[in-house]
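Visitor: Take a look at this one; I'll ask things after.
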Amino acid sequence: MAQAIGEVLPLAVAIAIFPVPIIAAVLLVGSEHGRTKGVVFVLAWLVGLGAVGAIVLLFAGGVDATDDGEPATWANVLLLLLGLALLAYAFKQWRGRPGAGGESPTPGWMRTLDDFTPLKAAGAGFALTVLNPKNLLLTVAAATEIAELGLPSGEQAAVLAVFVLVASLGVLGPVAAALVLGDRSRDALDGLRNWMARNNATIMTVLFLLIGAKLVGDAISGFSG
């Protein structure tokens, strides 16, 4: 199980420091009834990540992700494709980065977060895991890494839980700060939001490059094993 946790931790950290969900969490907790909206946002995020991971593990269990103790060919192919997709995302992010001193444009839906109801905040948290292609790719990759090790179902669930928790630290941080510190957290959270907005493209490029290379390497290692 320790090996599985080691395999998925880099993927979880990559999700945890994605700027967009963190910025969304900061904006939500700074709005009216922000603490309530922040909590439901995080809960929906946790459910979304867990659901995607569980579905992949159930599928992998049905088609057998291991072959005589080694990762099945389909699992290596999937990891290779996911890795190549992330490398392509890295190239796209770098090409689309803003000029010096600029920052990535804020998605239109983010500009309406002040008016979100708790239900809409929950929908945003769920969508950022299930419908966001980048988070979806990484969660599918993590579940595939878990499945191909052939662990018992209970250990698979435990590793998935660790993955979900670590991957959620980025959105948990602003909400926890708002709950514990109240208005005293506002300046620090605003500073974090502005820094991540300015450096969004660079952060994403580096993450996708590193994680994409890891997945391609894991796939190649599996093919040659």
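The values are calculated or read from the model by the stated rules, or taken from the named source; none is laboratory data. Source: prediction; values computed, not measured. Note: ideal-geometry Cβ built from the backbone for every residue, glycine included; neighbour counts use all protein chains shown.
Rundown of residues vs (1) more than 20 Å from the chain's Cα centre (by Cα); (2) modelled with pLDDT of 60 or more; (3) in a helix (DSSP H, G or I), yes/no style:
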{"position": "78", "(1), (2), (3)": "no, yes, yes"}
{"position": "88", "(1), (2), (3)": "no, yes, yes"}
{"position": "98", "(1), (2), (3)": "yes, yes, no"}
{"position": "113", "(1), (2), (3)": "yes, yes, yes"}
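Visitor: For segment 77-94, give me each residue that is without any contact (Cβ under 8 Å) to a residue 12 or more places away in the chain and within 23 Å of residue 147 (Cα to Cα).
Guide: Within segment 77-94, 81 is the sole residue that qualifies.
Visitor: Can you list residue pairs whose Cβ atoms sit under 6 Å apart, with the first residue in segment 189-209 being closer than 18 Å to residue 86 by Cα and the second being part of a helix (DSSP H, G or I) and of a type in the set (A, V, I, L, M)? Count only pairs 6 or more apart in sequence or on different chains.
Guide: Short answer, once both residue conditions are applied: 205/90; 207/14; 208/86; 208/90; 209/90.
Visitor: Same structure, new question: Answer yes if at least one residue in segment 51-74 is assigned to a helix (DSSP H, G or I), of a type in the set (S, T, N, Q) and either in contact with a Ser or Thr (Cβ under 9 Å, 6 or more places away or on another chain) or modelled with pLDDT of 85 or more (or both), and no otherwise.
Guide: So far as segment 51-74 goes, no, none of its residues is assigned to a helix (DSSP H, G or I), of a type in the set (S, T, N, Q) and either in contact with a Ser or Thr (Cβ under 9 Å, 6 or more places away or on another chain) or modelled with pLDDT of 85 or more (or both).
Visitor: Where residues in segment 116-131 are assigned to a helix (DSSP H, G or I) and aliphatic (A, V, I, L, M), which of them is farthest from residue 88 (Cα to Cα)? Give the steps one after another, and end with the answer.
Guide: If we filter segment 116-131 for residues that are assigned to a helix (DSSP H, G or I), which is where we start, we get 118-130.
Those left that are additionally aliphatic (A, V, I, L, M): 119, 121-122, 124, 127-128, 130.
Values: 119: 34, 121: 30, 122: 30, 124: 26, 127: 22, 128: 20, 130: 20 Å.
Taking the candidates together, the pick is 119.
Visitor: Can I ask one more? Residues in segment 115-122: is at least one over 24 Å from residue 78 (Cβ atoms) and small (Gly, Ala, Ser)?
Guide: yes
Visitor: Being in contact with a Leu (Cβ under 6 Å, 6 or more places away or on another chain) and closer than 18 Å to residue 89 by Cα: is that true of residue 217 here? Explain how you work it out, then say what you get.
Guide: Working: in contact with a Leu (Cβ under 6 Å, 6 or more places away or on another chain): no; closer than 18 Å to residue 89 by Cα: yes.
For residue 217, the condition - in contact with a Leu (Cβ under 6 Å, 6 or more places away or on another chain) and closer than 18 Å to residue 89 by Cα - is not met.
Visitor: What is the number of the single condition among (1) surrounded by fewer than 17 Cβ atoms within 10 Å (Cβ to Cβ); (2) in contact with a Lys or Arg (Cβ under 8 Å, 6 or more places away or on another chain) that residue 157 does not meet?
Guide: (2)
Visitor: Checking the structure you have, find out if any residue of segment 10-30 is at pLDDT below 85, in contact with a helix residue (DSSP H, G or I) (Cβ under 9 Å, 6 or more places away or on another chain) and either over 30 Å from residue 188 (Cβ atoms) or not in a helix (DSSP H, G or I) (or both).
Guide: Yes: one or more hits.
Visitor: Kindly indicate the residue of segment 187-215 that is under 17 Å from the mean Cα position of the chain (by Cα) and polar (S, T, N, Q) and also nearest to residue 18 (Cα to Cα) among those meeting that condition.
Guide: Filtering segment 187-215 for residues that are under 17 Å from the mean Cα position of the chain (by Cα) and polar (S, T, N, Q), the one nearest to residue 18 (Cα to Cα) comes out as 200.
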